[in-house]
Structure formats: C-alpha cells, structure tokens
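Take a look at the structure below.
Bear in mind that the values in this text are calculations on the coordinates, not laboratory data. Computed from a prediction, not measured in an experiment: that's the story for all the values here. Here the Cβ positions follow ideal geometry from the backbone for every residue, glycine too, while neighbour counts run over all protein chains shown.
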Amino acid sequence: MIKIAVAKGDGIGPEIMDAVLSVFEAAKVPLEYNYVDMGKWVFDKGYSNGMTPEAQETIESLGILFKGPMETPKGKGVKSVNVTARKTWNTYANKRTFQTLHGVDTVFSKAGIPIDITIVRENIEDTYGGVEHMITNDVALSRRFITRQGSMQVIKYAFEMAQKKGARRITCGHKANIMKLTDGLFLDVFYEIARQYPDLNADDVIVDDLCMKLVSKPDLFDVVVLTNLQGDIVSDLCAGLVGGLGFAPSANIGDHISIFEAVHGTAPDIAGKNIANPTALLLSGLGMLRHLGLMETAAMIENALLYTLESGRHTGDFGDRNTPSLNTTEFAGAIIGNFGKEPQHNPKPLLDNHSVIPSICRLKNNPMLESVENEEEYIVGVDMFIESNEQPAAVAEKCLQHTRDLFKLVTISNRGTQVWPKGSVFTNLVNQYTCRFESIGDVPVTQTDILELYKRLMTDFKICSTELLNKWGDKKAYSLAQGQ
Ligand code: NAI
C-alpha cells in the first residue's frame, strides 16, 4: 500500500472526490488515504494559510497530495490555498493534458481533428508572486519574476516528459518580442536545454499566434511549455478545445512533493446536488497513479472511463441532451461497471505496474541560491520612479538640476513610453514618470552615489520606487523605454 494525503476540498470537491475514490476502491488501487484538513472551512477556523499544521506535516511526510478544488475566501490579505500549496512545496511544473474524448462532442471531434496536447506551465514565478504596489494613487505596479533556475527546472521537466511521451514536437510559447528580458530569459533557457535533446523537434511561437493556431490547427501541437500566467490562460483555452473544464486534469510536479487536482474550481452553483462531472478529477487521479508507477491499474480505469464516454453515458454538463444524464455517483458506477472493457478509440496499453516510492527529502541547502556569474557586474545608473503631475519638460528641468558631474538624464518615460527628450503630444500621461539616470561615460557607480542622487531628487519629488541599472560585461541588464 502506498500512503497519500487526500483533501476533499470545498463546493463540489467532496462529491467528486468520493466518486473518484469509489472507482479506485472498486479497482483495488493499492493506496491508503490520510485525509487532511485544507480549504475554506479551515480558513474560517482561523488558519490563515488554509491548512492545519497537521495537514502540512502529513503532506510533507507523504509527498503526494490528491486534492479537490478549494475556495479562496474573498477579501484582502487571504491568499489562495491552492497557490500557497504549489508555491510552498515548489511544485514547479504544472502539467495539464488535453485529449480528444470520444463521446464529448466538440467542433474538432465532429471534424475528425484529433487533439493530444500537454501544456507544461511554470508554476511558481511570474506575476503570481503577487508582488504589487500602488505607487501613486492612480498607478499600480506589479513585479514579474522570471529566473534562470526556475525556468531551467520546468523546461527540463517538459523535455524529459516529451521524450518519454515520444512527442512529435515541443514548443515554447512566449512574448519575448515585447518582454525581452523576462520572456527572453525563459526562451534562451528553452533553447539551451533543447540542445541536450537533439532528437526532439523544438521550436517557439509567440503566445498570441499560439492561441490563434491552437484554435485553428490544434493537431499541430504536442507539448507546449509556457511561463505561469500565459500558461494559465493557454491551458484553459486548451480545455475548451476538448470539451471544457470538466475534462481538464492537472498535476503539480515538484522534486519532493506533487499535487494532483482538477483544473476547475468548486463550482458553487452546482455544489451539494451530486450532479458534478468527476472526469477531470478522475483523470488527475490517473495521472497520480502513473506517477506512482501504477500503470496497469491506471490504464484499466482509463479504458473504462473512455468506454463509458464513448457509449454516450454522461453527466448533465456535456453529452447528448436527448439521453438522460447520470448524477455524479451513477457516473462513477457506470465506469466501475465498464471495468475490463476497451474503448474503440485510443485504448490505453496495459503496461506493467512498477513500484515507485515517493522520495521525500527536505531541502538542507537551497541549490538555486547558487548563481553562475561569468561576467563582471557593475552599476551604471538608476531608474527613479517619481510622482508628478507636471509636464515632461518641467520634470526634466528639475531632474537636470540634480545630475551633477556623475550622472546624465537619459530619458523620461510615462507608462513605459518615452516622453523626454523626444515624445509625442498624442501620448497620454499619468502622474508617474520614470526618470533614467546613467553615469557619464558608463563608468561604474556605487550605491552611495545613487543614494546621494536620491536625496537630491527628494527635494523636488516623491520617489515611489527605484531600480538599479546593471551591466554584465558589455551587456545592459535593463530594457529601453519605447521610443528610446
Ligand atoms: P469553477 O471552475 O468552479 O466554475 C466555472 C463553471 O464551470 C461553473 O458554471 C461550474 O458549474 C462549472 N464546472 C466546474 N467544474 C465542474 C464540474 N466538475 N462539473 C460540472 N460543471 C463544472 O470556477 P469559478 O466559479 O471561477 O470558481 C469558484 C471557486 O473555485 C472560487 O472560489 C475559486 O477561487 C475556486 N477555484 C479553485 C481552484 C482549485 O482549487 N484548484 C481552481 C479554480 C477556482
């Protein structure tokens, strides 16, 4: 028996989890469940991260969490327990698989276009850090973290998975044409790792083009790897391609702890009625069984599920409206009744089970802290984010009084668009400018030099934020303003 932690979740969570576990029980899946307290009701009891310390301890000692959807209480200061769990346990790769399911009608299934897409989404970084500030009354600023090590982890996972799957193609979706440093770093790492897998067909597509191609020619894609926010959006788009959220499973994979859950939420509109579709959670559970090496059992259950769908049995959210729908419990019963049957389309091969014991090791030191710095790093200036409702020329005049011998004022931008020394009268302005000061002759400056400049500017402006302008060797480690 393999022990795993199970959290039933909120809303439809308990109903669909009971349905899935009844399928597992009937299939004699060799799992032992430790139920843990997580979710909205745990928040309500006063645990600010949505889980009890005992739940955290159990999950950390077992390494596998199978969870139902959980509600995030509305209101400031409460973070989603789903996101907290993924981040706390560094489940850096979010794998979501989308396949044509016969019996689930979509425009593509009707047109005979097969879909088999796996999205691997970075799960920790990006704007999901939620590092946001109102820097003036009118201007909110979000920080987007993309790191070399974080990108490496998830992209490496995607390539390994693509190789095991025998993927036709692995594609990086990105917006590096606009976000040259953040998405540019992710894309660089993608091609760095691609060199280690010469047999895989690796390419990249800009994310907007990717969306268009996914809805027009989804069969062109196989494995797609993306940063967190773009991956979140693109994977819901892919859920739509195969029939909706009721069919979208998800695995959050880390080196030590992995979490298996459906993509959908708690569906409060249908909770407590025993009518929810348990397919997405069942598919997530099957991903978990395979992760644990229970290949044959997973394939047997999946074949029964595919057979059930093919034969037109359905819950209320999909399928032929002329045939009566089954409730959640009946749908699970139908799957159990079809154990041993093989679907006509894409039957899963019954590969042998092999034992995998989840390996738990706590991080004694953090290898991601170690950076390989090849080139000399030095500071050559600073971006001062200031609040002002004056015109650009007036802001520039004040800034120029403070540059002295060390700094020159290079550019002033407003919402990322240059407005000084050149700008356009057609650019709309808000009350926050970014003034870029660079050292004359690009000579290295110190943080004390920056502080002196800060103190001088303070006499004229409220400074909302600053960013150092670094150079690594000859390479500028900052972006140019639009129009600069
Ligand atoms: P939702 O996914 O719960 O519901 C969207 C729509 O899809 C609703 O009409 C719902 O009835 C339907 N639906 C979802 N799952 C279904 C299923 N298995 N069978 C049949 N119909 C289904 O999204 P919503 O309403 O935006 O979020 C509700 C709550 O869920 C929020 O508190 C949100 O924070 C939470 N949530 C939790 C997630 C997780 O635990 N991983 C993921 C997404 C949302």
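Quick notes on this structure:
- Lysines with Cα under 16 Å of Lys175, excluding same-chain neighbours fewer than 8 positions away: Lys213
- Between the Cα long axis of helix 295-310 and the first principal axis of the chain there is an angle of about 80°, rounded to the nearest 10.
- Spherically averaged projected area in nm², based on the convex hull that wraps the Cα atoms of region 377-476: 6.1
- The charge dipole of region 377-476, taken about its Cα centre with unit charges on the Cβ of Lys, Arg, Asp and Glu (plus for the first two, minus for the last two), comes to roughly 180 debye.
- Cα pair distances in region 105-242, grouped into 5 Å bins until the bin that holds the longest one, percent each: 2, 10, 19, 21, 19, 13, 7, 5, 2, 1, 0
- Contour minus Cα-Cα distance for Lys165 and Asp320 (0.36 nm per residue): 52.5 nm
- Shown here for region 32-103: trypsin sites (Lys or Arg not before Pro) in loop regions (DSSP other than H, G, I, E, B) with at most 11 other Cβ atoms within 10 Å, namely Lys45, Lys74, Lys76.
- FRET efficiency, Ser479 to Asp199 (Cβ-Cβ, R0 56 Å, nearest 0.05): 0.95
- For the chain, the longest principal axis of the Cα atoms and the long axis of helix 447-458 meet at an angle of about 80 degrees.
- Charged-residue dipole, Cβ positions (Lys, Arg, Asp, Glu), the chain about Cα centre, Debye nearest 20: 260
- Estimated translational D of region 66-141 in µm²/s (Stokes, Kirkwood radius over Cα pairs; 4 °C; 1.567 mPa s): 80
- Where the Cα pairs of region 1-152 fall when distances are cut into 5 Å bins, in %: 2, 7, 12, 14, 16, 16, 13, 10, 6, 2, 1, 0
- Thr127/Lys455 FRET efficiency (R0 35 Å; Cβ-Cβ; nearest 0.05): 0.65
- Fraction of antiparallel bridges per DSSP, the chain only, in percent to nearest 5: 65
- Across region 377-476, Cα pairs under 8 Å and at least six residues apart give a relative contact order of 48 percent.
- Kirkwood radius for region 3-65, taken over all pairs of different Cα atoms as the inverse mean of 1/r, rounds to 12.4 Å.
- Estimated D of region 178-304 in µm² per second, where Rh is the Kirkwood radius over Cα pairs and Stokes-Einstein applies at 20 °C, 1.002 mPa s: 125
- Nearest-ten-degree value, helix 279-291 long axis tilted from longest Cα axis of the chain: 90
- Ellipsoid semi-axes in whole angstrom, largest first, where each is sqrt(5λ) of the Cα gyration tensor of the chain: 49, 24, 23
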